[in-house]
């Protein structure tokens, strides 16, 4: 074979090697980027990182298929020049054009044929489906966990005993949703605790506050005069509970009477609501969740 033809074949082989190397690099970069996004997800628990990765994998699939197609075309050119094709085309020396290698000549020169080849889809489609599955699983898990957290959330209700009938209306709207409350005691038991002294009352309050994440202060006409409500608020702040205040003065008591709110009591920075005006029955759950999230609970 003349030296010019050998040199021509050498040039084509170098291009084939470069196209193959580019294809291999695409796979390597794709795996590196996917790994980086998975690491970001692991550190932040932001599921959007997984979602961002999917189109990136698809883009690498497209690029990899392009380089693989170029490699196939140059292999066709090489085989024709070396006269090892089944029906070789006459190729002039140093002619590097691949325009003759199209899908009309052979389906293997079709971009789509390359794109859907087993070596391509077995890698890229598997990773994409895996990422979709991972994203879907984690999204569903977060929704379920959020629901479980809300169902399991334990709330402490702070109020003066004179407002117990109003407090029961608020508390029952929470419990009827299958959720847990604390801070309620019947009068006989409360009197028994009181006889043991202030220390016993503080111990009872502290025990009731255990495992709670939000304290709901129910404010009526006499609430501001209660040293125990003040103690409960102080302890709630100390343990990092979310805190909200709800005006219950306009809820009718057992005699059908309403009263006036004495004040708000809770420190600045915490939310305050009106039970009747703000539709507490339907919205208290959202108020409590907002308060919990504000303190990271």
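Every read-out reported here was derived from the displayed coordinates using simple, explicitly stated rules and does not represent laboratory data. Keep in mind that this is a model prediction, so the values were computed, not measured.
Compactness ratio for the range 3-149: Cα radius of gyration over 2.2 N^0.38 Å (N = residue count) comes to 1.45. How tilted is helix 3-44 with respect to the longest principal axis of the chain? Cα atoms for both, answer in degrees (0 to 90, nearest 10). In the chain, helix 3-44 runs at an angle near 10 degrees to the longest axis.
Apply the a/c threshold of 1.5 to the C-alpha gyration tensor of the range 153-294 and tell me whether it is rounded, prolate or oblate. Taking the square roots of the gyration eigenvalues as a ≥ b ≥ c, the range 153-294 is rounded. Seen against the Cα atoms of the chain and their longest principal axis, helix 280-294 is set at about 60 degrees.
Across the alpha-carbon atoms of the chain, the computed radius of gyration and Dmax are 36.1, 114 angstrom.
Could you state the angle between the C-alpha long axis of helix 164-175 and the longest principal axis of the C-alpha atoms of the chain, as a value from 0 to 90 degrees rounded to the nearest 10? Computed tilt is about 20 degrees.
What number, rounded to the nearest 500 deg cm²/dmol, is the helix-based mean residue ellipticity at 222 nm of the chain, given -39500 (n - 2.57) per DSSP H run of at least four residues and division by all its residues? Calculated at 222 nm, the ellipticity per residue is -20500 deg cm²/dmol. Compared with the direct C-alpha span, the chain from residue 27 to residue 107 gains 26.4 nm at full extension, assuming 0.36 nm per residue.
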